[in-house]
1. With springs only between Cα atoms under 10 Å, which of Glu14, Glu85, Glu77 fluctuates most in a Gaussian network model of the chain?
2. Under a crude label model (7 Å from the Cα following the beta-carbon direction), how far is Ile6 from Asn48 in nanometres?
3. Where does helix 32-47 land angle-wise versus the long Cα axis of the chain, in degrees 0 to 90, nearest 10?
4. Once the Cα atoms of helix 76-96 and of the chain are each reduced to a long axis, what angle between those two axes, in degrees from 0 to 90 to the nearest 10, is obtained?
5. What pairs from Lys47/Lys74; Lys35/Lys80; Lys35/Lys91; Lys15/Lys81; Lys22/Lys91 go past 21 Å between their alpha carbons?
6. Loop sites only, by DSSP: take the trypsin sites (Lys or Arg not before Pro) in the chain that have at most 16 other C-beta atoms within 10 Å and name the longest stretch containing none of them.
7. As a check on your grasp of the helix formula, calculate [θ] at 222 nm for the chain: sum -39500 (n - 2.57) over DSSP H runs of n ≥ 4, divide by the residue count, round to the nearest 500.
Amino acid sequence: MKNEKISKLYELLEKETIGIPKEVMKLDEFDINTKIVYSVLLNDALKNNQDKIEFTNIVNSISLDFIFENAVVKSEEEAKKVQRELPVLTKTMFESYP
């Protein structure tokens with residue numbers, strides 16, 4: 001019974017979990033929500049075998065709706081901050097890992 005509950009909890013967590021690279025987390029100049037959305041997009045890019053250009057195009061055209069669905073923003077102002085920071089974070093990562 002206990003193992004079944006833990007297994008179900010693990011399955012739920014596995015569906016809702018994203019990987020955030022340590023190097024992204026170390027970048028103090030970016031908001032945590034920007035790091036979350038970046039990581040969601042990065043995980044999707046890896047699954048879909050996107051190249052840098054495709055990834056950058058998606059980052060540059062990200063909608064506020066996507067940000068609200070995938071981050072923990074509470075206001076449009078916070079979502080717009082993520083929208084502004086995402087291209088900068090992407091450029092920073094590509095420059096660090098060419």
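Bear in mind these aren't lab numbers, they're just calculated from the coordinates by the rules spelled out. No experiment lies behind these values; they were computed from the predicted model shown. Every residue, glycine among them, receives a Cβ derived from its backbone with ideal geometry; neighbour counts consider all protein chains shown.
1. Glu14
2. 3.7
3. Here the helix axis deviates by roughly 80 degrees.
4. With rounding to tens, the tilt is 80 degrees.
5. Details: Lys47/Lys74 28 Å; Lys35/Lys80 14 Å; Lys35/Lys91 13 Å; Lys15/Lys81 27 Å; Lys22/Lys91 17 Å.
The answer is Lys47/Lys74; Lys15/Lys81.
6. Details: sites that count: Lys26, Lys74.
That would be 27-73.
7. Computed ellipticity for the chain at 222 nm equals -23000 deg cm²/dmol.
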